Amino acid sequence: MYKIIVLAVLAFASADAFWSACTDQPNALAPTRVESASCSGSLCTVIRGEPLIADVFATYTTVHNRLDVRVTAFVLGVPINLPQEPPYDDACNFMYRGGVLVGCPTVPGQEHVWRINLLISENYPPFQNSRVRFELLENNVVAACADIQGTLV
């Protein structure tokens, strides 16, 4: 019985191995799960000039009225900001609850889905198997954070 439970936990953990909570941001909310056709196993692969489509699930503990998006790639340890253009710079523009676009404010205790559907600029530098951090900030304070392993070609 215990072997079955351990195998189920390992299978679930490996299914989401491409993302993790931001361990250096202990006060930031971590997603409960991240889903994207661009990601499998331990890596996400995105092509410049094409959209990144992903669903980020989270249950917020506080009300947020605006969630600014900051994306940073760490290439050989060097942070490279990947700026987001309006309307993609505010996650509230793509916040769903119960399958309905509701925006913000977030409602504590209810699951929200941030639907990422943004065009990846051809101006972004290509990189292989690097950490990419997705942060949602309110008033310059990190409210939610996830790291993914990504390749940009």
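What follows draws every value from the coordinates through simple rules; no lab data is involved. What you are looking at is a predicted structure, and each value in this text was computed from that prediction instead of being measured. Counting neighbours? That spans all protein chains shown, and the Cβs are built from the backbone with ideal geometry, glycine included.
Below, the figures for the structure above:
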item	result
Student exercise, segment 18-152 dipole from Lys, Arg, Asp, Glu Cβ charges, in Debye to nearest 20	140 debye
Largest-first principal axis extents, alpha carbons of segment 85-153, Å	37, 23, 21
Among [x] 10, 40, 39, 11, 0; [y] 11, 40, 35, 12, 2, 0; [z] 12, 39, 27, 15, 6, 0, the entry that matches P(r) over Cα pairs in 10 Å bins from 0, in percent as calculated here	[y]
Computed FRET value (nearest 0.05) for ARG48 with ALA17, which takes r as the C-beta separation and R₀ as 22 Å	0.35
Simple label model, 7 Å out from Cα along Cβ direction - ASP24 to THR72, nm	0.6 nm
Over the chain, relative contact order from alpha-carbon pairs under 8 Å, at least 6 apart, %	31 percent
Most mobile listed residue (ALA143, ALA58, ALA37) in the chain, GNM with C-alpha springs under 10 Å	ALA37
